[in-house]
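Peer 1: Below is one structure. I have some questions about it.
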Amino acid sequence: MNQGFIKTPLIAVIGFAAVSTLVFAGCNGNAGNHPTGEKGGVAVVSLSREEIKSLSFSDLFKPIEPKEMTESVFTLVGEDFSVLTAGTPVHYNSMVASWGGWGILFNKPVVFSMLRANRYTLELMRQEKSYTMSFFDAEFKDDIIQFGLSSGRNSDEKMKNTKLTAVQTPAGNMVFKEAKLIVECKLIQVTTVSPDDFLVEENKKFVVDAHAEANDYHKMVYGEITSVWIRP
């Protein structure tokens with residue numbers, strides 16, 4: 001199984017102040033024509049897949065400040081479906097990731113992720129110096145799983161075959177229209193973990209065993225949050 005897809009514990013990082021949750025409020029001008037539901041006591045518009053595909057990025061998403069996110073990070077990262085995407089419109093790649101979170105570092109809002117060193121998406125993140133972290137509702141589970149079943153290094157079939165709809169953000173980063181939350185990031189740091197830094201034996205054993213696959217240790221990846229978008 002691809003490690004990027006395996007659900008795993010959240011790594012605690014000293015110096016991070018946890019920022020959690022996401023506000024799902026408001027609706028667009030088509031609200032009266034679509035079924036609605038509730039999230040946190042607030043009515044939200046439910047669009048079909050076909051409607052989502054037909055709308056532009058600006059029609060689907062609205063910007064919020066990082067501090068306005070109010071949905072639990074433990075749910076979004078630990079239980080929901082987080083997708084990291086990097087590259088250009090000509091060539092990009094996505095992976096499923098479930099280790100990480102967000103908070104404050106160097107007085108900036110940031111996200112952090114722990115990734116295997118040989119992940120192709122990580123290579124593109126380093127190349128472009130930017131990436132996105134996207135979260136989806138459960139109805140897109142089967143679509144998201146596909147990103148964790150194969151690499152995009154030697155073939156673009158994985159990205160061509162997805163039923164999700166790729167789109168550029170105003171800043172030019174690649175995301176998917178079906179996401180409920182998008183966090184855009186500027187890559188600011190990539191560090192290599194050391195087994196000697198792990199004080200829990202099972203965690204130390206994990207990174208040592210994983211070294212055999214990539215001939216390198218996991219990377220801690222930090223990105224400054226540049227934009228946050230939600231789909232009301």
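Peer 1: Which order results if H211, H218, H91 are arranged by neighbouring Cβ count within 10 Å, fewest first?
Peer 2: Sorted ascending by nearby Cβ count, the order is H91, H211, H218.
Peer 1: Order these by the 10 Å Cβ neighbour count, fewest first: D196, D216.
Peer 2: Ordered from fewest to most neighbouring Cβ atoms within 10 Å, D196, D216 come out as D196, D216.
Peer 1: If each of E65 and V208 carries a label point 7 Å out from its Cα toward its Cβ, how far apart are those two points in nm?
Peer 2: Inter-label distance under the simple model: 4.7 nm.
Peer 1: Expected output is a single nm value to one decimal: the length gained when fully extending between A171 and F57, i.e. 0.36 nm times separation in residues minus the C-alpha distance. What is it?
Peer 2: 39.9 nm
Peer 1: How much FRET efficiency would the formula 1/(1 + (r/R0)^6) give for R153 and F106, where r is the Cβ-Cβ distance and R0 is 45 Å, rounded to 0.05?
Peer 2: The value I calculate is 0.90.
Peer 1: By counting other Cβ atoms within 10 Å of each Cβ, how are V90, V167 ranked from fewest to most?
Peer 2: If I rank by nearby Cβ atoms, fewest first, I get V90, V167.
Bear in mind these aren't lab numbers, they're just calculated from the coordinates by the rules spelled out. Since the model is a prediction, treat every value here as computed from it, not as a measurement. Virtual Cβ from ideal backbone geometry, glycine too; neighbours counted across all protein chains shown.
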